[in-house]
Amino acid sequence: MVRKKVNSYKEWLKKGVPAILIPGIIFATMYGTGKIETIKDYYGDKNIFPNMGWMEEVEDGDTIRLQSGQTVRLIGINAPDRGRPGQMEAKEELEKMVKDNRLWLEYDRYQDDKYGRILAWVWINCEGNEVKFTPADYMHLDGKTSRDYLTNNPEGCSQGKLVNREMVLKNNAAVVEYEKRGRLKYDLSKY
């Protein structure tokens with residue numbers, strides 16, 4: 001697989017570009033400004049929300065920057081913020097887990113946040129080149145009604161590990177329940 005070379009986040013910062021503009025620049029680089037209007041389904045576009053990627057940098061215990069330039073926030077967890085006790089341990093643990101591993105990204109009902117980050121369940125050690133995830137809107141039935149939590153690994157990743165879950169199991173992150181929001185696919189509070 002040939003990876004498209006995109007300037008990394010750090011390269012843009014070195015050029016003096018404000019951090020808030022970098023996701024938009026990466027987006028425009030991938031599509032060109034003339035093609036943006038032709039996109040019909042942003043959330044379904046694999047250039048914007050890829051199924052897999054490789055880590056370029058771990059920002060902190062719940063945020064990874066991919067080699068493609070996109071930033072992924074692990075959904076459903078919160079690790080200590082920069083400068084807080086446990087922050088370095090969480091960051092080091094996450095880096096140890098994802099370094100040199102193909103990262104598979106599974107999406108839920110919330111796929112991005114106000115900071116331009118992708119929100120995803122991150123899987124490692126999947127068996128094949130294709131992993132069959134349930135659709136991002138799987139949990140939503142109607143109104144405030146949701147399906148039961150998923151309890152099995154996705155097809156193609158039966159031996160894989162859910163990084164979000166591993167961070168909770170290793171006491172490097174806490175489970176986050178989003179108030180006034182629909183249920184997420186996995187119940188990490190049982191670990």
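Overview of results
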{"item": "Gaussian network model of the chain, Cα within-10 Å springs - most flexible of 178, 43, 138", "result": "178"}
{"item": "Relative contact order %, region 42-190, counting alpha carbon pairs below 8 Å whose residues are six or more apart", "result": "24 percent"}
{"item": "Helix-only CD estimate at 222 nm, as mean residue ellipticity for the chain, using -39500 (n - 2.57) per DSSP H run (n ≥ 4)", "result": "-5000 deg cm²/dmol"}
{"item": "Cross-link partners of residue 144 among lysines (Cα-Cα below 25 Å; sequence separation of 8 or more within a chain)", "result": "114, 180, 185, 190"}
{"item": "Per-residue ³J(HN,Hα) for region 48-57, Karplus 6.51 cos²θ - 1.76 cosθ + 1.60, θ = phi - 60°, Hz, x for Gly and Pro", "result": "8, 10, x, 7, 8, x, 10, 6, 9, 7"}
{"item": "Alpha carbon Rg of region 124-165, scaled by the compact-globule rule 2.2 N^0.38 Å", "result": "1.36"}
{"item": "Region 42-190 - charge dipole about Cα centre, Lys and Arg +1 at Cβ, Asp and Glu -1, debye rounded to 20", "result": "280 debye"}
{"item": "Nonlocal amide H pairs with residue 155, under 5 Å, H built at 1.01 Å", "result": "132"}
{"item": "Cα-based reach from residue 91 at 17 Å (exclusive), listing lysines while leaving out same-chain residues under 8 positions away", "result": "99, 170"}
{"item": "Region 42-190 pair-distance distribution - Cα-Cα, 5 Å bins, rounded %", "result": "2, 10, 20, 23, 23, 15, 6, 2, 0"}
{"item": "Loop trypsin sites (Lys or Arg not before Pro), region 65-123 (other Cβ atoms within 10 Å of the site Cβ: 14 or fewer; DSSP)", "result": "82, 99, 114"}
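Since every read-out is calculated from the coordinates, none of them should be taken as a lab result. None of the values given here were measured: they were computed from a predicted structure. Here the Cβ is made from the backbone with ideal geometry for all residues, glycine too, and neighbour counts use every protein chain on show.
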